[in-house]
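Single-structure report; data block below.
The values are calculated or read from the model by the stated rules, or taken from the named source; none is laboratory data. Predicted model only: the values in this text are computed from it and were never measured. No Cβ is skipped: glycine too gets one built from the backbone with ideal geometry, and neighbour counts run over all protein chains shown. All accessible areas refer to the heavy atoms of the entire protein, side chains included, with ligands and DNA or RNA removed. Shrake-Rupley method; radii C 1.70, N 1.55, O 1.52, S 1.80 Å.
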Amino acid sequence: MDTQMKRLILLASLIIGCTSVFADTLTLKSGHPDSYVVKKGDTLWDISAAFLNDPWRWPKLWGANPQVANPHLIYPGDRLTLVFIDGQPRLVVKPHIRKSPQGRISPKDGAIPAIDLSLIRPYLLQNRVVDEQWYESQPKVMGGESPSKFHVVSDIIYVQGELTVGEKLGVYTYGRTFKNSDGEDLGLEVILSASGRVVESGAISKVELLSSLQETSAGYRVLPIEDDSLMSAYFMPKAAEVDAPTTVLASGKDIREMGKLDVVYLDRGATDGLEPGHVFSIFKDGKVVVIDGDGIPVQPHERNRYEKMLANISSDSAVKMPDLYRGKLMVFKVFDKTSMGIILVNERPVRVADKLAIPDSLISSE
């Protein structure tokens, strides 16, 4: 290997190393405080937003260990101080101590979470995406002791099939059928109408309704209740690592535009490598501007039929504009082919079909 080749290899290694370090460097927000006193209602995301341009990177600010489920037991009253360790910013905790034998103040609410789990708790049970054939094979509500067509809290409903006495179940009804842009079936959304407990088992079992989100009627299905404890209150945010194109599939509330703290469905799930805690940047696809015969850029709403055709095919006359940054979301629940995320940063309204990308403040238009 000649000297010139060795120099090129060394230069390439240095560039890759520098790029990696640069991309992994936290950027402190202009005017950030040197310290912060934790208040009731704070979250790790909120606190980090006071220090970082990219608050989703709070695990690095705290020097978090991804193997630790709850790395940051901080409480209202704790003072957080910004220090630098090996040139990197870090937050360290000075616990609030009473000058008495009682020691540390630990409020009833306990340590603050990464994000406010109560914001998404309604979606932990109400929304699931399942295989439609599997759903239709689950035990069916046949009616109830009440002559009414609809059943609510404290009513006894009849369910076809032998169930385990004492088991807690959810009663679900049909929601939307999801498909991706290629027409592939991604699953059936099912909505929780009530929860109940099996009080008698037999060919037709009896279930007492314990809670009711909407009226329950014959034809609904019963499924095992998903345990809230499966949803961690201490999400460890990290950049999504999904190679396949990912988009916003639908809104949690079936609305046209979504904003901060709204829930959305994504068209990728566990089979694509998505995990709770994955963070995406959200972009609107850049519009295509067509250059007409006179060299004048024509905006999409001004095109004639021929210009629209040019915009839809590969042509030197069609120029794609940059994608428009919308905000950021974090995945909190994953199904086989879909997942659910909550919008945590919102600069512009988010819509169905918006594109999701690996978050990188160096390339986004934040």
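Some points to look at:
Okay, residues lined up against (1) modelled with pLDDT under 85; (2) closer than 25 Å to Leu261 by Cβ; (3) part of a loop (DSSP other than H, G, I, E, B):
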site	(1), (2), (3)
Ser13	yes, no, no
Gly17	yes, no, no
Pro33	no, yes, yes
Trp45	yes, yes, no
Trp56	yes, yes, no
Asn70	yes, yes, yes
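- Taking (1) assigned to a loop (DSSP other than H, G, I, E, B); (2) under 15 Å from the mean Cα position of the chain (by Cα) in turn, Ile282 satisfies each apart from (1).
- In region 144-190, the residues that are without any contact (Cβ under 8 Å) to a residue 60 or more places away in the chain, of a type in the set (A, V, I, L, M) and farther than 30 Å from Ser251 by Cα: Ile156, Ile157, Leu163, Val165
- Tally, over region 251-273, of residues that are out of contact with any helix residue (DSSP H, G or I) (no Cβ under 7 Å at 6 or more places or on another chain), among the aliphatic types (A, V, I, L, M) and open to solvent by 10 Å² or more (accessible area, probe 1.4 Å): 2
- The requirement of being within 28 Å of Leu249 (Cβ to Cβ) and buried (at least 19 other Cβ atoms within 10 Å of the Cβ) is not satisfied by Gly219.
- Against the test of being among the basic types (Lys, Arg), surrounded by 14 or more Cβ atoms within 10 Å (Cβ to Cβ) and in contact with a Gly (Cβ under 9 Å, 6 or more places away or on another chain), the options Arg197, Arg176 yield a single qualifying residue, Arg197.
- Residue in region 320-330 that is assigned to a strand (DSSP E or B), modelled with pLDDT under 90, under 30 Å from Val264 (Cα atoms) and open to solvent by 30 Å² or more (accessible area, probe 1.4 Å) present: yes
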